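The values are calculated or read from the model by the stated rules, or taken from the named source; none is laboratory data. All values derive from a computational prediction rather than experimental measurement. Glycine gets a Cβ as well: all are built from the backbone with ideal geometry, and neighbour counts include every protein chain shown.
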There are 2 protein chains.
Amino acid sequence: MIVTVVGIGLIGGSMALDLKKRGFADQVIGVDKNEENKKIALQNNLVDKILDLETAVSQSDIIVLAIPVGSMVTLLPNILDLITEKQMVTEVGSTKEIVLKSIDNHPKRGRFLSSHPMAGTEFSGPTAAVYNLFEDKCNVFIDEKYSDADVITTFHKLFNVLGMNNVNYNSEEHDLHTAYVSHISHISSFALALTVLAKEKKHNRIFELASGGFGSTVRLAKSSPDMWIPIFEQNRDNVLDVLDEHINQLAQFRSLLIKKDFKTFYSLIEESNQIKKILK
Amino acid sequence: MIVTVVGIGLIGGSMALDLKKRGFADQVIGVDKNEENKKIALQNNLVDKILDLETAVSQSDIIVLAIPVGSMVTLLPNILDLITEKQMVTEVGSTKEIVLKSIDNHPKRGRFLSSHPMAGTEFSGPTAAVYNLFEDKCNVFIDEKYSDADVITTFHKLFNVLGMNNVNYNSEEHDLHTAYVSHISHISSFALALTVLAKEKKHNRIFELASGGFGSTVRLAKSSPDMWIPIFEQNRDNVLDVLDEHINQLAQFRSLLIKKDFKTFYSLIEESNQIKKILK
């Protein structure tokens, strides 16, 4: 199997590493707009070779798009134009409704299956690519029913090879639930970093005290705006909805502190502890 | 050296383990109000024996208080009443101004040095105690100038043995900076858990999507209200101050989403990325 990865960053690069190592891909071809990324991808053996998009697509069985969701909307239909009826395409972006609308009526829609491997770190680019990133994590397939049977089978196998458990959402569900669980975590973390940077002018104090929990809460604030701004653009309404709820929860804590109502505050912490049962 | 640890939870238990293993303590005596904790502390070899408070203190060179800060205010003066001029006491609580005021004019104030080892996990109780919890982390001494020279030397050595780097704050600085860096992270995490629990009624969705970053951001929401409510009570004003700033930062994101001003949003994410430089 020859796999082309378009966008050799954290996700694309890590997929390339494991698909080769775990024997799913005989060859991995890399495509990237950025010259530096191409150099690193070859130096770090993320891919076997670098080609331009059209040549790479013409030589591949499977094409994986791992680029920011703003570019996905224009690139995805172009890729479907390029492939034959035997080739298969997936994209691994973080928003789905707008991206999938761009190929709604495409004659080769069946050769495509959208996926969202729920894995990552706060780092980005090809230097962030690592083995085993996806192991034991969850991959979401979106609107699977529009894909051909052999496409479904192949991509289920691909993500299983990466060590992932596959589930199915429709695109509306996907964008809603990722806003609720993933996107709000990033907004919260970006805001927490700004809060601490605004209040704590003595940066060595941040460094000294960070192991009291701040480090993990603010980890996502290291994430790239190039990846996240298009996500917030495409999923704005769902993000606004959950952000409102989050501000309300914080305002409730604020009000309880002002009123010194620590009894209610205690119950709310106990309620938030319920997250233990869900996340183990 | 014989060390008594009062409160054999995550911090007290982990200190007991390492002080014994690393040869600082010849014997570690445990004191705890909770019968179940005492049993676990002995079963898991956290301590060599369990005694009642007065007997333990009378047999010890050093007494470490690792109990919630609400109880610290009353227990600390009692312990200073009990000790001789040769014994030494530290407490490792998360707030300092109110606790230290309780022994301001105590005749044995010099035998005491307040410390705050900045280490922990979201878990609590003796089952959460682990080796090497403090390695390469920062310990804050508070108002060191009020302690006797031999007390300062001994506790510097104790925390160095645990692998920690020692720094000095005064109590006012301590409570301000821990509110800015540590306490707000916990409030943020409790609120995020409540947000997601309120919006996301399908709990299996949370489980499936949590590895997209939510897991680490919400980790602290597993923390115990018994530990955190007294901290928020004692450090209320500083926490309110930084919480206001945090709500304002989130409200700014909200406003930018409403106005679709993604250019300013991009700059703010870039600004929050500065945290990378501080935390490495």
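Only one of the listed residues (A:GLU173, A:GLU122) is out of contact with any Leu (no Cβ under 9 Å at 6 or more places or on another chain) and under 27 Å from A:PHE232 (Cβ atoms). That residue is A:GLU173.
Results for (1) surrounded by fewer than 24 Cβ atoms within 10 Å (Cβ to Cβ); (2) touching a residue at least 24 places away in the same chain (Cβ under 8 Å); (3) of a type in the set (S, T, N, Q), shown as yes or no for each residue.
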{"residue": "A:ASN168", "(1), (2), (3)": "yes, yes, yes"}
{"residue": "A:SER171", "(1), (2), (3)": "yes, yes, yes"}
{"residue": "A:HIS174", "(1), (2), (3)": "no, yes, no"}
{"residue": "A:LEU197", "(1), (2), (3)": "yes, no, no"}
{"residue": "A:LYS202", "(1), (2), (3)": "yes, no, no"}
{"residue": "A:ARG219", "(1), (2), (3)": "yes, yes, no"}
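Selection of region A:48-75 for residues being surrounded by fewer than 22 Cβ atoms within 10 Å (Cβ to Cβ) and of a type in the set (Ser, Thr, Tyr) yields A:THR55, A:SER58, A:SER71, A:THR74. Scanning region A:140-160 for residues that are farther than 30 Å from A:GLU35 by Cα and touching a helix residue (DSSP H, G or I) at 6+ places or on another chain (Cβ under 8 Å) yields a total of 10. Here B:LEU257, B:LEU209 are screened, and the one residue that is within 17 Å of A:HIS177 (Cα to Cα) and not assigned by TED's automatic domain parsing to the domain that holds B:THR95 is B:LEU209. Which of the residues spanning region B:229-254 are under 19 Å from B:THR178 (Cβ atoms) and either in the same structural domain as B:ILE67 (by TED's automatic domain parsing) or of a type in the set (A, V, I, L, M, F, W, C) (or both)? Within region B:229-254, B:ILE229, B:ILE231, B:PHE232, B:VAL239, B:LEU240, B:VAL242, B:LEU243 qualify. As a summary of the residue check, B:LYS108 satisfies the conditions (1) out of contact with any helix residue (DSSP H, G or I) (no Cβ under 6 Å at 6 or more places or on another chain); (2) more than 12 Å from chain A (Cβ to nearest Cβ) except for the one numbered (1). When you check B:LEU256 against the structure, is it more than 7 Å from chain A (Cβ to nearest Cβ), touching a Phe, Trp or Tyr at 6+ places or on another chain (Cβ under 8 Å) and surrounded by fewer than 23 Cβ atoms within 10 Å (Cβ to Cβ), yes or no? So B:LEU256 passes the test.
Among the helices (runs of 4 or more DSSP H) lying completely within region B:199-245, list those that include at least 2 residues that are more than 7 Å from every other protein chain (Cβ to nearest Cβ).
In region B:199-245, the matching helices (runs of 4 or more DSSP H) lie at B:225-234.
Give me the pairs: first residue in region A:245-267 and within 13 Å of B:VAL239 (Cα to Cα), second residue part of a helix (DSSP H, G or I) and among the hydroxyl-bearing types (Ser, Thr, Tyr), beta-carbon distance under 7 Å, and six or more apart or on different chains, which are they? Note: pairs meeting the criteria are A:LEU256/A:THR264.
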